[in-house]
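*Asks:* What follows is a single structure, and I will ask about it in a moment.
The values are calculated or read from the model by the stated rules, or taken from the named source; none is laboratory data. Just so it is clear, the model here is predicted, and its values are computed rather than measured. Reconstructed Cβ throughout: ideal geometry from the backbone, glycine too, with neighbour counts over all protein chains shown.
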Amino acid sequence: MAGMPSAPIDRLRSDLTDAGFTVALLDGLWSDDAAEALRRGHVNAARRALARLERSPRATLAALFLLGDAVPVADAAAALPALGLDGAEELGLLRRDGEVVAPALDLQPYAFRDRHGEGHWWLLSDLGERMRGGALPEDHVLGIGGASLTLSGLIPPARPDGARFGSALDLGTGSGIQALHAARHADRVVATDISRRALRLAELNARLNEVTTVEFRHGDLLEPVAGERFDLIVSNPPFVITPRVAGVPAYEYRDGGRVGDGLVEEVVRGIADVLAPGGVAQLLGNWEHRWGADGLERAAGWAREAGLGHWIVERERQDPASYAETWIRDGGTRPGTADFDGLLDAWLDDFEARGVLGVGFGYVLLTADPSLERIERLTAALGDNPAGLGEHLHARLAARATIAGLDDAALLRIRFARAVDVTEERHYWPGESDPTVLLLRQGGGFARSIEAGTGLAALVGASDGELSLGQLAAAIAALLEVEPAALAAELAEQVRDLVTLGFLDPLADADPAEELV
């Protein structure tokens, strides 16, 4: 065929493009309900929908890689005319069994949106438990999952000063999805992993999606980049807490070989040696809550002792038994079996030995600025973040940097604007004209709700960028008949926090000759 790409991965890209193997077009093969069920791992409705359709390359690829079904050799050959079945076997993509072929790798279409717009990729990984029909091998390479989607949405799109990242590091790249995302925000990316199989698939994914700025390196954690520094570091490290006893599988994609939460501690402390000045690291991680030692405080201590600024958010906490059950099932071992019970006892013995009361999971944002110190537990659903939570966090770091070095006198000369997603909620006792509770609610970001006093609520409501903080404080003091200087000092302290949280944005200095409180 004239003009046919020579490399199998290039021919695969050509076939996927021609077939329209994308999220948007595949969802058109079945109902919205079937598409949603498929995202939850339930294939029945989608399989019924495909059975009613005339066979096409797109439908064949959907049956193979989304449903995990074997298809006739002739249909597979028609769906991959450029690659061919020999090329598919060379890539390790398909396996023949008589007159049918079945998937040997997972191949998923992936759609996303960030500040650069909408995009789509294809991601190769190993077959999951459902398609394998049993427990996973220890060198399993995980595909697109909840954790990877969470981290990709957290990646900041630029440095806090607004500049594009020069260099990025994806620590523990797995299938390479975070490296591909980082490449949209950085000039060059280094992706590392201890698994050679993961690096092979990650490199194939970069080539499949024509991303040429990623360098892949083999090694344990930060060893492959010793002596280098990066403006952006992202990582979903293999932090799952696993008992170090015989008979407990150690999966490369999730298990870093350390005791307890030692892997996350090692990564957090090590970031200090590879993070460039002005850079930012965004990780996922977990931490053990032990007798007499709060997990979040322990995680903050790792960053503090390394000289790093930190913003650590705990999104979930599990008791030891629930945590163990989650990860035993993740490996493909089902409850009600002797193997499951044996593994559960191993996990519980391990936790008991360290006095673990629970395990927290969440987000770890690190900077080279040690003045950033924030830990929090969030239980509510996140707000509306179309381009990902990373945009919100980037804006908060940038806004915080604007006012970080200002004393109160300078801060009072700044004009602020209320964020567009902030609303106010008032609660009254029946028959009363004055509210008993004033709440400020955030529609985006972390969807925070904070209780505000009368003065602060008035300030946020009046912050439209016209008057400085000092001018507003003076006016509010007059209305409330309170001492102006005391109110100004109180509001200045609260405003610093509201800027970090995303309720207020600093605009510019006011007239330096203006009369303040």
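*Asks:* I'm checking my understanding of the structure. Among residues of region 159-208 that are assigned to a loop (DSSP other than H, G, I, E, B) and in contact with a helix residue (DSSP H, G or I) (Cβ under 6 Å, 6 or more places away or on another chain), which one is nearest to ASP231 (Cα to Cα)?
*Replies:* Top of the filtered list is PRO160.
*Asks:* Let me ask something additional. Checking ALA477 against (1) touching a residue at least 40 places away in the same chain (Cβ under 8 Å); (2) more than 30 Å from GLY390 (Cβ to Cβ); (3) of a type outside the set (Phe, Trp, Tyr); (4) part of a strand (DSSP E or B): exactly one of these is not met. Which one?
*Replies:* (4)
*Asks:* If you take the residues of region 250-300 that are without any contact (Cβ under 8 Å) to a residue 40 or more places away in the chain and assigned to a strand (DSSP E or B), which of them is nearest to LEU154 (Cα to Cα)?
*Replies:* ASP255
*Asks:* Just a yes or no: is a residue in region 304-312 under 28 Å from ARG164 (Cβ atoms) and among the charged types (D, E, K, R)?
*Replies:* Applying the first criterion (under 28 Å from ARG164 (Cβ atoms)) to region 304-312 yields 306-312.
Those left that are additionally among the charged types (D, E, K, R): none.
Checked against the condition, which is being under 28 Å from ARG164 (Cβ atoms) and among the charged types (D, E, K, R), region 304-312 yields no hits at all.
*Asks:* Out of PRO57, PRO103, I need the residue that is within 29 Å of HIS181 (Cα to Cα) and either over 30 Å from the mean Cα position of the chain (by Cα) or in the same structural domain as THR173 (by TED's automatic domain parsing) (or both). Which one?
*Replies:* One residue alone meets the criteria, PRO57.
*Asks:* Next up: For region 423-454, name all the residues that are of a type outside the set (S, T, N, Q), under 26 Å from the mean Cα position of the chain (by Cα) and part of a strand (DSSP E or B). Break it down stepwise before answering.
*Replies:* We begin by selecting, within region 423-454, every residue of a type outside the set (S, T, N, Q); these are 424-432, 434-435, 437-441, 443-448, 450-453.
So of that shortlist, the ones also under 26 Å from the mean Cα position of the chain (by Cα) come out as 441, 443-448, 450.
Once the filter is applied, which keeps residues that are of a type outside the set (S, T, N, Q), under 26 Å from the mean Cα position of the chain (by Cα) and part of a strand (DSSP E or B), region 423-454 yields ARG441, ILE450.
*Asks:* Mind checking which residues of region 40-60 are loosely packed, with under 14 Cβ neighbours inside 10 Å and either in contact with a helix residue (DSSP H, G or I) (Cβ under 9 Å, 6 or more places away or on another chain) or farther than 25 Å from LEU80 by Cβ (or both)?
*Replies:* As a first pass, look at region 40-60 and keep what is loosely packed, with under 14 Cβ neighbours inside 10 Å: 40-42, 44, 48, 51-54.
Matches in region 40-60: ARG40, GLY41, HIS42, ASN44, ARG48, LEU53.
*Asks:* What number of residues within region 113-138 satisfy the criterion of being closer than 23 Å to GLY285 by Cβ and not aliphatic (A, V, I, L, M)?
*Replies:* Of the residues in region 113-138, 3 are closer than 23 Å to GLY285 by Cβ and not aliphatic (A, V, I, L, M).
Yes/no per residue for (1) without any contact (Cβ under 8 Å) to a residue 12 or more places away in the chain; (2) touching an Asp or Glu at 6+ places or on another chain (Cβ under 8 Å); (3) under 27 Å from LEU154 (Cα atoms):
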site: VAL101; (1), (2), (3): no, no, no
site: LEU105; (1), (2), (3): no, yes, no
site: PRO109; (1), (2), (3): no, no, yes
site: PHE112; (1), (2), (3): no, yes, yes
site: HIS116; (1), (2), (3): no, no, yes
site: TRP121; (1), (2), (3): no, no, yes
site: ARG130; (1), (2), (3): no, no, no
site: GLU138; (1), (2), (3): no, yes, no
